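Take a look at the structure below.
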Amino acid sequence: MILSNFKVFNAIGRLLGIDWGARRTGVAVSDADRGFVFAREPIIAKNSDELVNAVLNIVNAEKIVGIVIGLPLRTNGTDSETTAMVRVFADALAQKTDVPIMFIDETLSSTAAQEQMGRVRRTDIKEKLDSNAARVILENAIEMMKR
């Protein structure tokens, strides 16, 4: 189920952050107390079904109680073509799991992730940026939940 606010999320338990990408999808997982968020290897999927199944495997293996998906909005807050693709992915995921799903604006999450990564090789940026952006998305969501 896709929710409109975080109040329905369990207060304790591991969360999954997702930075959707057409080629590579970044993922990050929190600890049960949500004090730490860890970037995981990105998911490289050939199609939406493969991506949904890969996410479900993480949900089951990590005992995830909530999913936070970064929503790529335009700077004026409106949806873009990519936003529509993310919503389609979230709908497909919601049909296969009862774990609550929430969107969060991901504006500048990749920029923040790259800044936090510091000086790294170009290949490392390509390989690690998506999951580090998912980490930023999840950290932002956890901060919002604490308010």
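What follows is calculated from the coordinates using simple rules that are stated; it is not laboratory data. All figures in this text were calculated on a predicted structure; none of them were measured in a lab. Glycine gets a Cβ as well: all are built from the backbone with ideal geometry, and neighbour counts include every protein chain shown.
Return the loop-located chymotrypsin sites (Phe, Trp or Tyr not before Pro) in segment 1-53 (DSSP other than H, G, I, E, B) with at most 13 other Cβ atoms within 10 Å of their own Cβ; answer none if there are none.
On the way: sites: Phe6, Phe9, Trp20, Phe36, Phe38; in loops: Phe9, Trp20, Phe36.
For chymotrypsin sites (Phe, Trp or Tyr not before Pro) across segment 1-53 that sit outside H, G, I, E and B with at most 13 neighbouring Cβ atoms in 10 Å, the list reads Phe36.
Which percentage, to the nearest 5, of the DSSP beta bridges contained in the chain is antiparallel? Spell out each step's value before the answer.
On the way: 8 of 20 bridges.
Counting DSSP beta bridges with both partners in the chain, the antiparallel share is about 40 percent.
DSSP loop trypsin sites (Lys or Arg not before Pro) in segment 1-79 with at most 13 other Cβ atoms within 10 Å of their Cβ, which ones?
Details: sites: Lys7, Arg14, Arg23, Arg24, Arg34, Arg40, Lys46, Lys63, Arg74; in loops: Arg23, Arg24, Arg34, Arg40, Lys46, Lys63, Arg74.
Taking segment 1-79 and a limit of 13 other Cβ atoms within 10 Å, the loop trypsin sites (Lys or Arg not before Pro) found are Arg23, Lys46, Lys63, Arg74.
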